[in-house]
């Protein structure tokens, strides 16, 4: 099983195309100031919405158990490599120079 770190731009709202298990998907992330949470939308390369408003939480699978054939077969997680994080990601806590990372674990063959 391969693990891939997904880049997390330093902006309160961003869009990024990422290849997962051989298919290209579009991630849209948005920081909600009032709720103090991140949410992610997942789209196909053609722009079809697969998931909308996934709340980004620490150490919990972000993709639903029941999937369509268009969804990535692996799993998304936010992890804290140091294991010192105790809260869900804040505005500035995910990214290359931050304590948390968004990772994709490829599906098993």
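I'm trying to understand the selection: among the residues of the stretch 20-40, which are farther than 15 Å from residue 9 by Cα and not in a loop (DSSP other than H, G, I, E, B)?
20, 23, 24, 25, 32, 37
If only one of 69, 10, 88 is free of Cβ contacts under 8 Å to residues at least 24 places away in the same chain and outside any strand (DSSP E or B), which one is it?
Result: 69 is the single residue among 69, 10, 88 that is free of Cβ contacts under 8 Å to residues at least 24 places away in the same chain and outside any strand (DSSP E or B).
Among the residues of the stretch 59-78, which ones are surrounded by fewer than 17 Cβ atoms within 10 Å (Cβ to Cβ) and closer than 23 Å to residue 36 by Cα?
Selection gives 59, 60, 61, 64.
When residue 22 is evaluated against the numbered criteria (1) within 16 Å of residue 104 (Cβ to Cβ); (2) loosely packed, with under 15 Cβ neighbours inside 10 Å; (3) touching a strand residue (DSSP E or B) at 6+ places or on another chain (Cβ under 9 Å), which criterion, by number, is the only one it fails?
For residue 22, the failing item is (3).
Which is touching a residue at least 40 places away in the same chain (Cβ under 8 Å) and loosely packed, with under 13 Cβ neighbours inside 10 Å, of 36, 4?
One residue alone meets the criteria, 36.
Yes/no matrix, rows are residues, columns are (1) more than 15 Å from the chain's Cα centre (by Cα); (2) loosely packed, with under 13 Cβ neighbours inside 10 Å; (3) in contact (Cβ under 8 Å) with a residue 40 or more places away in the chain:
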{"position": "55", "(1), (2), (3)": "no, no, no"}
{"position": "84", "(1), (2), (3)": "yes, yes, no"}
{"position": "101", "(1), (2), (3)": "no, no, yes"}
{"position": "106", "(1), (2), (3)": "no, no, yes"}
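Where a number appears in this text, it was derived from the coordinates with a stated rule and is not lab data. Given the structure is predicted, the values throughout are model-derived calculations rather than measurements. Here the Cβ is made from the backbone with ideal geometry for all residues, glycine too, and neighbour counts use every protein chain on show.
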